[in-house]
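J.: My structure is below; once you've seen it, I'll send some questions.
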Amino acid sequence: MGSLGAIVKHPDDLYPLLKLKMAARHAEKQIPSEPHWGFCYSMLHKVSRSFALVIQQLDTDLRNAVCIFYLVLRALDTVEDDTSIATEVKVPILKAFHRHIYDRDWHFSCGTKEYKVLMGQFHLVSTAFLELAKNYQEAIEDITDRMGAGMAKFICKEVETIDDYDEYCHYVAGLVGLGLSKLFHASGKENLAADSLSNSMGLFLQKTNIIRDYLEDINEIPKSRMFWPRQIWSKYVNKLEDLKYEENSVKAVQCLNDMVTNALMHAEDCLKYMSDLRDDSIFRFCAIPQIMAIGTLAICYNNVEVFRGVVKMRRGLTAKVIDRTKTIADVYGAFFDFASMLESKVDKNDPNATKTLSRLVAIQKTCRESGLLNKRKSYILRKENGYGSTLIIILVLLFSIMFAYSSATRHSN
Ligand code: IN0
């Protein structure tokens, strides 16, 4: 749907979308003037859509550390993803990456588009990294070291079992959670979270991405990327790519629902992690991606479109999440709403229906037991298509513009 069509269908989206646009403009204007910091922040805007905005929540020191952490990990990812690099070249780079970040002269060209620029100018990221406080540097180095080693381990290994899947996701995402918790602690604003909860924060996001990106990954040229564990998909098809063929739609959707059910296992840990945060800006920074993840799972569940094209939350709903996520009550509210939406989509003939429903009931129970469900504006399940105040505002604005225009032309004649 075009953006105008989306707005006509969801007039409520207009205000948060405009606010988001203004926030994006404001963020881009705030890009620092020093060349290395300028490069890092403009790169962040190029390689991420919402993350660059979400990071604006944080105070300068912590924001700089998170920005560099993000870019270092994106660079590591670029090396891992580049199928044109021979394994014997790639593995040593991944393993030594944590040392390269200290070396302004290190350079390795790979990747495409904006990632090629990131790799080509990596010395600017190193320069900025070297300006961070020592405790931030150490946290970033430690995680880069462990992640690089984990990625190297999986270069020649497929994701067979659910344990492999959890292990792979731990390296590429769970460790990001551990790293961020260390950075939050180093900022003096938070207690150090338990590793298992930090890990779940990353796993919940990464598993959602892996589910959503099935088609993009399987169609990757020159070689498919396969992250769905064989232990799950082999219950439904003989080969992972068979899921994309129309004749396998029923099995494909059952497999998808199995994957969503697996991801939902992390939701309660995520709620616990977020409820322990004390700093408002860190809280919002963490909560927004988590709400988008459960929202994406709700849209993907039982949806054959995952095997046909891109299934994403519409931009307006993302804008609403960014605008309306302020407190833990909002998070419980959103998790409750999306769990209810998922519940309404469960077909009792699905092979995992009972398991899925019990996970959803557990999530709803946690949200209810917080005692905060009534203290929120529910924004997801509220009737969204009422042409309420937003449309009136648009009409008033349109008439004012037309009136101003006609009186201006009248005066000039
Ligand atoms: C992230 C995470 C992230 C943000 C906030 C708190 C977190 C706590 C624990 C673990 C991860 C946390 O968020 C980003 C979000 C992102 O990049 N979104 C994309 C949109 C998309 O659809 O991919 C965007 O374009 O904005 C995230 O996905 N990851 C990430 C990476 C580094 C850091 Cl520092 C924080 C990646 C991953 C693999 C899921 C952890």
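The values are calculated or read from the model by the stated rules, or taken from the named source; none is laboratory data. Bear in mind the structure is a predicted one, so any value in this text is a computation, not a measurement. Quick reminder, even Gly has a Cβ in these numbers, built from the backbone with ideal geometry, and neighbours come from all protein chains shown. Heads up: the accessible areas ignore ligands, DNA and RNA and are worked out on the full protein's heavy atoms, side chains in. Shrake-Rupley method; radii C 1.70, N 1.55, O 1.52, S 1.80 Å.
J.: Consider residue 329 against the criteria (1) within 16 Å of the ligand (Cβ to nearest atom); (2) surrounded by fewer than 22 Cβ atoms within 10 Å (Cβ to Cβ): it satisfies all of them except one. Which criterion is unmet?
T.: The one condition residue 329 does not meet is (1).
J.: Restricting the stretch 331-358 to residues that are within 18 Å of the chain's Cα centre (by Cα) and without any contact (Cβ under 8 Å) to a residue 60 or more places away in the chain, which is nearest to residue 235 (Cα to Cα)? Walk me through it before giving the result.
T.: Looking only at the stretch 331-358, we keep the residues that are within 18 Å of the chain's Cα centre (by Cα), and these are 331, 334-335, 338.
Next, from what is left, pick out any that are without any contact (Cβ under 8 Å) to a residue 60 or more places away in the chain: 334, 338.
Values: 334: 32, 338: 27 Å.
Checked the stretch 331-358; the qualifying residue nearest to residue 235 (Cα to Cα) is 338.
J.: Answer yes if at least one residue in the stretch 150-173 is charged (D, E, K, R), open to solvent by 30 Å² or more (accessible area, probe 1.4 Å), away from the ligand (no atom under 16 Å from the Cβ) and more than 28 Å from residue 208 (Cα to Cα), and no otherwise. If you could, list the steps in order and put the result at the bottom.
T.: Applying the first criterion (charged (D, E, K, R)) to the stretch 150-173 yields 153, 157-158, 160, 163-164, 166-167.
With the extra rule that they be open to solvent by 30 Å² or more (accessible area, probe 1.4 Å), the set shrinks to 153, 157-158, 160, 163, 166-167.
Then keep just the ones that are away from the ligand (no atom under 16 Å from the Cβ); that gives 153, 157-158, 160, 163.
When the remaining residues are screened for being more than 28 Å from residue 208 (Cα to Cα), the result is none.
No, the conditions are met nowhere in the stretch 150-173.
J.: Counting just the residues of the stretch 307-324 that are of a type outside the set (Phe, Trp, Tyr) and in contact with a Phe, Trp or Tyr (Cβ under 9 Å, 6 or more places away or on another chain), which one comes out surrounded by the most Cβ atoms within 10 Å (Cβ to Cβ)? Step through it out loud before you land on a result.
T.: As a first pass, look at the stretch 307-324 and keep what is of a type outside the set (Phe, Trp, Tyr): 308-324.
Subsequent filtering for residues that are in contact with a Phe, Trp or Tyr (Cβ under 9 Å, 6 or more places away or on another chain) retains 317, 319-321, 323-324.
Numbers: 317: 23, 319: 23, 320: 26, 321: 24, 323: 16, 324: 18.
Only one residue fits best here, namely 320.
J.: Can you go through 304, 237 and tell me which one is among the β-branched types (Val, Ile, Thr), open to solvent by less than 30 Å² (accessible area, probe 1.4 Å), without any contact (Cβ under 8 Å) to a residue 60 or more places away in the chain and away from the ligand (no atom under 16 Å from the Cβ)?
T.: Values: 304 fails: open to solvent by less than 30 Å² (accessible area, probe 1.4 Å).
Matching residue, one of 304, 237: 237.
J.: Now a separate question. Working only within the stretch 19-68, note down all residues that are of a type in the set (S, T, N, Q) and under 22 Å from residue 189 (Cβ atoms).
T.: If we filter the stretch 19-68 for residues that are of a type in the set (S, T, N, Q), which is where we start, we get 30, 33, 42, 48, 50, 56-57, 60, 64.
Within the stretch 19-68, 30, 56, 57, 60, 64 qualify.
Residue by residue, here is whether (1) surrounded by fewer than 21 Cβ atoms within 10 Å (Cβ to Cβ); (2) within 15 Å of the ligand (Cβ to nearest atom); (3) in contact (Cβ under 8 Å) with a residue 40 or more places away in the chain holds:
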| position | (1), (2), (3) |
| --- | --- |
| 195 | yes, yes, no |
| 227 | no, yes, yes |
| 241 | yes, no, no |
| 244 | yes, no, yes |
| 248 | yes, no, no |
| 263 | no, yes, yes |
| 286 | no, yes, yes |
| 292 | no, yes, yes |
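J.: Tell me whether the stretch 36-58 contains one or more residues that are at pLDDT below 95, open to solvent by 50 Å² or more (accessible area, probe 1.4 Å), farther than 22 Å from residue 145 by Cβ and away from the ligand (no atom under 16 Å from the Cβ).
T.: no
J.: Would you please list the contacts, defined by Cβ atoms under 7 Å and residues six or more apart or on different chains, that run from a residue in the stretch 118-134 that is of a type outside the set (A, V, I, L, M, F, W, C) to a residue that is in a helix (DSSP H, G or I)?
T.: 121/39; 127/36
J.: Select from the stretch 24-43 the residues that are aliphatic (A, V, I, L, M) and within 18 Å of residue 124 (Cβ to Cβ) and list them in ascending order. Give the steps one after another, and end with the answer.
T.: Quick first cut of the stretch 24-43, residues aliphatic (A, V, I, L, M) only: 24, 27, 31, 43.
Listed by number, the residues that qualify are 31, 43.
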